[in-house]
Every structure is written in C-alpha cells, then in structure tokens.
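The values are calculated or read from the model by the stated rules, or taken from the named source; none is laboratory data. What you see is a predicted model; the values in this text were computed from it and never measured. Here Cβ is always computed from backbone atoms with ideal geometry, including for glycine, and neighbour counts include all displayed protein chains. To get the accessible areas, we keep the full protein, side chains included, count just its heavy atoms, and leave off ligands, DNA and RNA. Shrake-Rupley method; radii C 1.70, N 1.55, O 1.52, S 1.80 Å.
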Amino acid sequence: MRSLQNILVTGGAGFIGSDFIRALFAECSGFTGRVINLDKLTYAGNAENLSTVEKKFGGTRYFFVQADICDKKTADFLFSEYDIDTVVHFAAESHVDRSILGPEVFLRTNILGTFTLLQAAKNAWQKADGSIKDGVLFHHISTDEVYGSLGTEGSFKETTAYEPRSPYSASKASSDHFVKAYFYTYGLPVTLSNCSNNYGPFQFPEKLIPLMILNMLEGKKLPVYGDGKQIRDWIHVSDHNAAVRLILQSGKPGETYNIGGENEWENIELLHKLIEIVCDKAGLNRDTVIQTITHVTDRLGHDRRYAIDCTKIKKELNWKRQFDFETGLANTVDWYLKNKAWIDNVRSGEYRNWIEKNYTKR
Ligand code: NAD
Ligand code: TYD
C-alpha cells in the first residue's frame with residue numbers, strides 16, 4: 001500500500017475536492033501528512049468549504065495556495081517547496097452549460113492546466129537518467145461524460161471508446177489522453193478515475209440537485225431541460241472520494257478506474273423524488289411546488305443517458321458504496337436546510353471575500 005505524505009490537491013475549494021480534503025483529515029486516522037490545496041478560486045471555488053480544516057490544520061498540515069493551475073512557476077515551486085509525492089487533480093471548469101456558452105476557458109483550464117501540472121510533476125520526479133523516482137503518483141479526476149451518450153442498454157466500461165460530445169467532455173477527454181500519454185511516453189506513474197454524477201453537501205447551486213433544492217426553498221421555477229427523460233447515474237460525493245483514496249493507496253499505475261452509483265434516474269423522476277423530500281422536510285405544499293416544474297428548451301447536444309460499469313474497482317480494489325440514494329438525498333437536503341449562511345454567502349457573492357476576512361498573512 002502506498003503511503004501518502006505531501007499531497008498536492010488541485011481544485012480543493014470546489015465541491016468534490018473540498019470533500020476529499022475534509023474526509024482525508026477527518027476519516028483517515030492513518031494520514032499524518034500534509035495537503036497543499038492549489039485553487040484559483042473561480043466562481044466555483046469557495047474557501048469557506050474548508051474552514052474547519054483551515055482552523056485545525058492551517059499552516060501546519062494544510063496549506064492553501066490561490067493560483068492558476070496554468071501557472072508553470074507556481075506549479076514548479078510547489079513541487080519543490082513541499083516535496084510533493086502525490087497529486088490529486090480535481091481542478092477544472094466543470095459545468096456543461098457554461099462550456100456551451102463559453103468553451104475557451106474549458107480548453108485553457110482543463111487541457112492546458114492538466115498539461116502544466118503533468119510537466120511540473122515530470123520535472124520534479126524525473127531523475128538524471130530519465131527514470132522516475134519511487135513512490136510518487138499523479139491521480140487525475142475525470143468524468144464518465146468522456147464516453148459519450150448511451151442508448152437504453154449497456155454501460156460505460158474502462159475499455160469503452162471515448163466519444164465526448166460537449167465542449168466540457170471534449171476538454172476532459174483531451175486531458176485524460178495527456179495523462180495517459182505521460183505514462184506511456186515518460187513512465188510517469190499516473191492513475192485516472194472516471195466518475196458519474198456526484199451529489200452531496202457543498203455543491204455549487206448551478207448543478208441539477210442543489211439548484212432544484214434552492215429554487216424550491218425560494219419558491220422559484222424548476223427548469224427541466226427538454227422532456228426531462230435524460231438519465232444520469234448518481235453517486236454520493238463521499239463514495240466517490242473513498243474510491244479515490246483507495247486508488248491512491250493501491251491503484252495500479254497506468255490504469256483507469258470507473259466509479260459510479262449504479263443508480264440511474266431520469267431527471268424528471270429524480271426531481272419528483274426531491275420534491276417529496278424537500279416538501280416533507282421544509283413543510284412546503286407538494287402540489288404547489290409541482291406546479292413550478294417548467295419544461296424549458298433542451299440543452300444543445302444534450303447527452304441522453306450515462307451509466308457506469310464499476311466492476312473493476314469493486315473487484316480489484318474492494319471498493320463498496322456506503323450511501324443508498326434515499327439516505328444520501330435526504331442528508332443532502334438536510335445539509336442545505338441547515339446551512340443557510342453558506343447559501344446566503346453563495347447567493348450574494350459574499351463567499352468570494354472569505355479569504356480576506358478569515359486568513360491572516362503568513
Ligand atoms: P467544481 O466546479 O465544484 O470545482 C472546481 C474547482 O477548481 C473550484 O474550486 C475552482 O476554483 C477550481 N479551479 C477552476 N479552474 C481553476 C484553475 N485554472 N486553476 C486552479 N483552480 C481552478 O467542480 P467539482 O464538481 O468539484 O469537480 C471536480 C472534478 O471532478 C472536475 O475535474 C470534474 O471534471 C470532475 N467530475 C465532476 C463530477 C460532478 O458530478 N461534479 C463528476 C465526475 C467528475
Ligand atoms: P448537471 O447537474 O448540469 O450535470 P451534467 O450535465 O454534468 O450531467 O445536469 C444533470 C442533468 O440535469 C442533465 O441531464 C441536465 C439536467 N438539468 C436540467 O434539466 N435542468 C437544470 O436546470 C440543470 C442545471 C440540469
């Protein structure tokens with residue numbers, strides 16, 4: 001089993017990255033190392049997501065660095081300054097709708113940013129004879145969307161050919177190819193994971209589940225794209241990150257691991273389920289909320305169905321999901337109900353000032 005010492009996490013202030021860091025400090029008693037969180041704090045980054053970690057470990061075992069992953073100098077500096085042995089690369093532009101409206105930043109961050117980090121890792125880890133030093137690993141976080149769109153049958157395997165169809169998935173597919181290229185060309189020890197749709201606490205309310213929860217609570221319309229019969233395979237963010245930790249410890253360099261919830265829902269079915277839970281918990285009238293469902297113009301090139309076959313990680317790394325969907329969704333709704341201050345800060349834009357208000361210079 002690999003031991004984790006100095007981990008460079010990119011995009012650690014986002015939804016999945018912040019869960020990864022919180023869980024690493026909270027749940028992994030065996031982890032005694034340091035985390036360096038490299039995050040630009042785009043609209044999706046929220047340093048408040050890590051306030052508990054910052055309070056307990058800031059400046060000793062947790063270090064936040066606000067910078068762009070495309071910045072070569074910073075990347076090189078961090079590898080040498082912190083003697084990085086493990087990279088967990090979450091940072092990305094992650095929202096399909098935004099990629100349709102403005103694809104360029106997706107190319108820059110997702111492709112050029114990944115390339116910049118790969119180069120920095122290679123520079124730091126390559127020995128004079130060209131071989132790579134022992135014990136290091138670059139783990140790349142990717143998505144099932146690189147595989148394209150499924151018909152009514154079947155699921156994506158690690159061997160499924162790539163067929164990305166949105167600017168977002170095309171940029172992620174390209175970054176995946178670069179990661180693999182560094183393995184085959186330079187022998188850089190890399191692993192990849194391609195995961196299905198995540199849900200859970202701290203998700204930015206532009207993605208389906210938090211957007212719908214907040215719109216319900218605020219009495220706003222619930223926009224369903226097209227007929228709402230598109231299918232996604234939902235997984236709790238904690239289950240995703242437990243899989244990532246297993247890959248870091250026992251994954252085989254050069255390998256891809258698919259991670260999924262084996263939990264397919266049509267968007268419209270899921271919305272009705274969510275309405276039931278939110279109305280029960282928040283005391284809203286179900287019929288009134290149902291009236292706010294609004295079918296809107298479909299997303300351009302909207303992928304119809306995603307489903308992941310995660311047999312490999314279950315068999316090879318003994319990964320098991322902990323959350324059933326019912327419990328996971330109920331906990332998620334509870335979290336949004338209990339964290340009004342977080343929501344208000346996000347809605348007002350105040351979350352962008354968290355760093356200045358809470359960090360002392362060091
Ligand atoms: P997110 O949008 O919530 O967070 C992205 C983070 O990356 C933010 O903190 C942001 O500030 C940071 N970032 C963006 N551009 C940057 C740059 N140029 N330099 C440094 N930091 C930058 O995203 P998420 O949902 O947490 O997704 C994390 C990763 O997981 C992404 O790589 C995404 O493709 C992948 N993924 C997401 C899902 C999902 O359902 N959300 C599913 C599968 C895979
Ligand atoms: P999203 O959360 O954006 O994730 P992804 O596009 O990466 O799967 O969307 C999930 C599904 O919900 C997708 O089929 C698009 C649909 N959707 C809506 O119908 N309405 C919305 O307002 C949003 C944000 C998404």
### Message
Of the residues LYS312, LYS252, LYS320, only one is in a loop (DSSP other than H, G, I, E, B), over 22 Å from LYS338 (Cβ atoms), touching a residue at least 24 places away in the same chain (Cβ under 8 Å) and basic (Lys, Arg); which?
### Response
LYS252
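Out of all the residues in the stretch 146-165, is one or more open to solvent by less than 20 Å² (accessible area, probe 1.4 Å) and either in a helix (DSSP H, G or I) or within 10 Å of ligand 1 (Cβ to nearest atom) (or both)? Lay out the reasoning, then the answer.
Residues of the stretch 146-165 that are open to solvent by less than 20 Å² (accessible area, probe 1.4 Å), as a first pass: 146-148, 156.
Going one step further and asking which of them are either in a helix (DSSP H, G or I) or within 10 Å of ligand 1 (Cβ to nearest atom) (or both), we end up with 146-147.
Looking for residues that are open to solvent by less than 20 Å² (accessible area, probe 1.4 Å) and either in a helix (DSSP H, G or I) or within 10 Å of ligand 1 (Cβ to nearest atom) (or both), one finds at least one in the stretch 146-165, hence yes.
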### Summary
Of the listed residues (ALA23, ALA75, ALA44), the one being among the small types (Gly, Ala, Ser), within 16 Å of ligand 2 (Cβ to nearest atom) and either part of a strand (DSSP E or B) or touching a residue at least 40 places away in the same chain (Cβ under 8 Å) (or both) is ALA44
### Task
Enumerate the pairs (first residue in the stretch 144-171 and over 21 Å from THR114 (Cα atoms) and touching a residue at least 12 places away in the same chain (Cβ under 8 Å); second residue anywhere and of a type outside the set (Asp, Glu) and assigned to a helix (DSSP H, G or I)) with beta-carbon separation below 7 Å, excluding pairs fewer than 6 apart on the same chain, so at least 6 apart or on different chains.
PHE156/TYR147; THR160/TYR147
## Note on the structure
Here the residues within the stretch 176-198 that are open to solvent by less than 40 Å² (accessible area, probe 1.4 Å), of a type outside the set (A, V, I, L, M) and assigned to a helix (DSSP H, G or I) are ASP176, TYR182
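Evaluate the following for ALA44: is it closer than 23 Å to ARG98 by Cβ, modelled with pLDDT of 95 or more and within 14 Å of ligand 1 (Cβ to nearest atom)?
Details: closer than 23 Å to ARG98 by Cβ: yes; modelled with pLDDT of 95 or more: yes; within 14 Å of ligand 1 (Cβ to nearest atom): yes.
Criteria met by ALA44.
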### Query
Does PHE115 satisfy the condition of being assigned to a strand (DSSP E or B) and more than 15 Å from the chain's Cα centre (by Cα)?
no
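Pull up the stretch 89-114, narrow it to residues that are farther than 24 Å from PRO205 by Cα and either surrounded by fewer than 19 Cβ atoms within 10 Å (Cβ to Cβ) or aliphatic (A, V, I, L, M) (or both), then point me to the one that is farthest from ligand 1 (Cβ to nearest atom). Write out each step before concluding.
At the first step, the residues of the stretch 89-114 found to be farther than 24 Å from PRO205 by Cα are 111-114.
Narrowing the set further to residues that are either surrounded by fewer than 19 Cβ atoms within 10 Å (Cβ to Cβ) or aliphatic (A, V, I, L, M) (or both) leaves 111-112.
Details: ILE111: 11, LEU112: 9 Å.
Here the answer is ILE111.
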#### Entry: the stretch 199-226: number of residues that are away from ligand 1 (no atom under 16 Å from the Cβ), part of a loop (DSSP other than H, G, I, E, B) and in contact with a His (Cβ under 9 Å, 6 or more places away or on another chain)
1
### Task
Within the stretch 124-139, identify whether any single residue is crowded, with 17+ Cβ neighbours inside 10 Å and within 15 Å of ligand 1 (Cβ to nearest atom), and answer yes or no.
yes
